[in-house]
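Comments concern the structure below.
Taken together, the values in this text are just the output of simple stated rules run on the coordinates, not laboratory data. Small disclaimer: the values here were computed from a predicted structure and weren't measured. Don't worry about glycine lacking a Cβ; one is built from the backbone with ideal geometry, like all the others, and counts go over all protein chains shown.
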Ligand SMILES: *[C@@H]1O[C@H](CO)[C@@H](O)[C@H](O)[C@H]1NC(C)=O
């Protein structure tokens, strides 16, 4: 029993190569709709909780109406890649209807954190002049080091632990099912270590001073 437990722990805390830069590849974005030139996230590894700066350079060449987004997330472990499930609308999930996606994220506050993230994404989009996820006109989409605050990962999402991940993200036009964008991402997540001392031992040491 204990052996099994230790084995599982080894898997979970297993390989951690730590990406120091977001790796991204275009896996089939339709240039008639979008051209993705640049995607970056810093710091890498991403520290949670913590701030990230997001940079995106893309051009849309055609008005995209209602779409669907599908995300598949894999975690790299000792025994291979494990697909992260979709729990509380976080993980490997399909998000139908981009028109109302942000509204639903905010209203339903998925996993207790996605409401705040939805509000920040709304701010990001409005900073480049997009106030609706419906009918995004042909235009350039330039996001330069936009700061987003990542909250602590709630315990219900504890499978999103420190480690290396890959994500496959596709967007399709809802009406036709036509794939308009595809991104493969590789990144690492790291737990933010609080530098202030709060433990029992720290308290004791402070008492001795
Ligand atoms: C962008 O749109 C224009 C007009 O709709 C079209 O002629 C052109 O071929 C498109 N560009 C690409 C890369 O598909």
Among the residues of the range 51-79, the number that are surrounded by fewer than 15 Cβ atoms within 10 Å (Cβ to Cβ) and under 17 Å from residue 24 (Cα atoms) is 1
Counting only residues that are touching a helix residue (DSSP H, G or I) at 6+ places or on another chain (Cβ under 8 Å) and part of a helix (DSSP H, G or I), which one in the range 144-163 is surrounded by the most Cβ atoms within 10 Å (Cβ to Cβ)?
-> 157
Among the residues of the range 88-143, write down those that are surrounded by 16 or more Cβ atoms within 10 Å (Cβ to Cβ) and part of a strand (DSSP E or B).
-> 90, 91, 95, 136, 141, 143
For strands (runs of 3 or more DSSP E) lying entirely in the range 38-81, having 3 or more residues that are within 16 Å of the ligand (Cβ to nearest atom) and over 20 Å from residue 152 (Cβ atoms) picks out 50-60
Tell me which residues, restricted to the range 23-37, are more than 16 Å from the ligand (Cβ to nearest atom), assigned to a strand (DSSP E or B) and exposed (fewer than 15 other Cβ atoms within 10 Å of the Cβ).
-> 23, 25
